[in-house]
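Engineer: Below is a structure I'd like to ask you about.
The values are calculated or read from the model by the stated rules, or taken from the named source; none is laboratory data. Only a predicted model underlies this, so the values are computations on that prediction, with no experimental measurement involved. Cβ placement follows ideal geometry from the backbone for every residue including glycine, while neighbour counts extend to all protein chains displayed.
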Amino acid sequence: MTSIKLKTPTTGEYEQPTGLFINNEWVKGVDGKTFEVINPSTEEVICSVHEATEKDVDIAVAAARKAFDGPWRKVTPEQRGKLLVKLSELIEKNIDTLAAVETLDNGKSIAMAKGDVAAVAGCLRYYGGWADKIVGSVVDTNPDTFSYTKQEPIGVCGQIIPWNFPLLMWAWKIGPAIATGNTVVMKTAEQTPLSALVAANLVKEAGFPPGVINIISGFGKIAGAALSAHMDVDKIAFTGSTVVGRQIMKSAAGSNLKKVTLELGGKSPNIVFDDGDIENAISWVNFGIFFNHGQCCCAGSRIYVQEGIYDKFVERFKARALANKVGDPFLADTFQGPQVSQLQYDRIMGYIQEGKKEGATVVTGGARHGDKGYFIQPTIFADVTEDMKIMQEEIFGPVCSIAKFKTEEEVIKLANSTTYGLASAVHTTNLNTALRVSNALKAGTVWVNQYNMLHHQLPFGGFKESGIGRELGEAALHNYTQTKTVSIRLADAIF
Ligand code: ADP
């Protein structure tokens, strides 16, 4: 069996594929292994899915290679664009089911899951639009030669995605890879394989030729490692932890020097100056850390507040965090659901204990929410010093650290004192302050008077140890093409 009937509280019964999606077919893993998928709200098993091991990675890569060298080459850019747009329309048509599956498997609130699925559709449509706009250039070097460049696809792309935005990361990776004419073997995160499998049926329905998009479920150390070390994978794109990012780069270097793009961790600063609208700033600070239960690589987890408003800010922010509704993610007004897994729950609780031990002030939270599921109270630590673990390390949960600052110069130094550089934000009504601080921050994104407002038209990615390359926007296309120079002699030989 490669599918099973499941139920969600909002959409009722649906058909959940459980196989590996290779060559537009549902297959079992060669080794016959399966693994259980857990509902983080109840800690119960949802179903089991087939697990890809090295042999399945080989089969999927061979399918992607065959498609790349064969039928996919003959598909015109315009047709590629149409396929992506068609897929986007099918995603939109199935928004309720896809969102419910995401909520079931990942635990994010149904409202946020619907937002994710809408963003998936937007992203695929956007890259569909790019497919027939990938151009090279003519370079005039001298009258006796005619030279031009072409942007060609890289080939078979391995793509490894995390569990925090299972379907959105799927779209961020597939969109630019397909728009530029590559083929894909995607490994989803072992914690959250379900929504991508449902979407795989839509890939087939949209009309993609077999082998162009292959989707496998499996573990990082087995299927992920096999993909990143594979000799016939031309490029690997990874989103996840910095630790694993380093391993992927080593595998690429140790195998065939496949091209690598990485979107890794963060410990992003969120700076609040005392000249602005405090309630507005609090709303964005709250959203910056507690959106998606803090499970965002760009989460605004280091909050620097100017001394003039510090006490008032901490008190008001506490009230705001307490108003976030935590609980059943299938209820329409829930803001925060459970963390994704027992492992993540334990890691986060470990950091909370550490923060208490190191002497930071618990303003609110600091404990489990309820007694079933991986729920954690929104947690605010104040008076956090730079040397504390909770100020330095990525927690990836609903936990933030606040510290006081006096001057602009001081806060820029504090904000940049991290090995990460993914995102940042400044809250101020002074235009000059906003621009000066934005220029000084060493981060791939600076939000001014907002937070977490990603958009598929805007590039996203990391400075420093937060990554290599950019996702989204036109920038992501460069990750998936290589430049070919063709230079033609128009005159007689000179040597
Ligand atoms: P987290 O610790 O938050 O789960 P990871 O970086 O471990 O984040 O996981 C992100 C993705 O990377 C997942 O799909 C996971 O299976 C995969 N992964 C984990 N370890 C490896 C590895 N050694 N090689 C390749 N992929 C891996």
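Engineer: Among the residues of segment 20-60, which ones are in contact with a strand residue (DSSP E or B) (Cβ under 7 Å, 6 or more places away or on another chain), surrounded by 21 or more Cβ atoms within 10 Å (Cβ to Cβ) and assigned to a loop (DSSP other than H, G, I, E, B)?
Structural biologist: Once the filter is applied, which keeps residues that are in contact with a strand residue (DSSP E or B) (Cβ under 7 Å, 6 or more places away or on another chain), surrounded by 21 or more Cβ atoms within 10 Å (Cβ to Cβ) and assigned to a loop (DSSP other than H, G, I, E, B), segment 20-60 yields GLY29, GLU51, ALA52.
Engineer: Additional query: Within the set of pairs 6 or more residues apart or between chains, which connect a residue that is on the phi > 0 side of the Ramachandran plot inside segment 271-297 to a residue that is of a type in the set (Lys, Arg) with Cβ atoms less than 9 Å apart?
Structural biologist: Between residues of segment 271-297 that are on the phi > 0 side of the Ramachandran plot and residues that are of a type in the set (Lys, Arg), the close pairs are ASN292/LYS108; HIS293/LYS108.
Engineer: Report every pair of residues separated by at least 6 positions or lying on different chains whose Cβ atoms are under 9 Å apart, first residue within segment 338-354 and in the same structural domain as ASN324 (by TED's automatic domain parsing), second away from the ligand (no atom under 14 Å from the Cβ) and aromatic (Phe, Trp, Tyr).
Structural biologist: From segment 338-354, the pairs are PRO338/PHE375; GLN339/PHE375; TYR345/PHE375; ILE352/PHE381.
Engineer: Right, here's the next one. Go through (1) away from the ligand (no atom under 16 Å from the Cβ); (2) buried (at least 24 other Cβ atoms within 10 Å of the Cβ) for TYR126 and report which single condition fails.
Structural biologist: (2) is the only condition that TYR126 fails.
Engineer: Test ASN182 against the stated conditions and say whether it is buried (at least 24 other Cβ atoms within 10 Å of the Cβ), assigned by TED's automatic domain parsing to the domain that holds ALA52 and either β-branched (Val, Ile, Thr) or within 11 Å of the ligand (Cβ to nearest atom) (or both).
Structural biologist: no
Engineer: May I pose another question? Can you tell me how many residues in segment 205-238 are of a type in the set (Gly, Ala, Ser), within 11 Å of the ligand (Cβ to nearest atom) and closer than 26 Å to CYS47 by Cβ?
Structural biologist: The total comes to 7.
Engineer: Here is a further query. Being more than 8 Å from the ligand (Cβ to nearest atom) and among the hydrophobic types (A, V, I, L, M, F, W, C): is that true of ALA200 here?
Structural biologist: In short, yes.
Engineer: I'd like the full set of residues that are hydroxyl-bearing (Ser, Thr, Tyr) and under 30 Å from ALA425 (Cβ atoms), limited to segment 454-495.
Structural biologist: SER466, TYR480
Engineer: Something else now. Would you mind stating whether ASP116 is farther than 20 Å from PRO193 by Cα and assigned to a helix (DSSP H, G or I)?
Structural biologist: no
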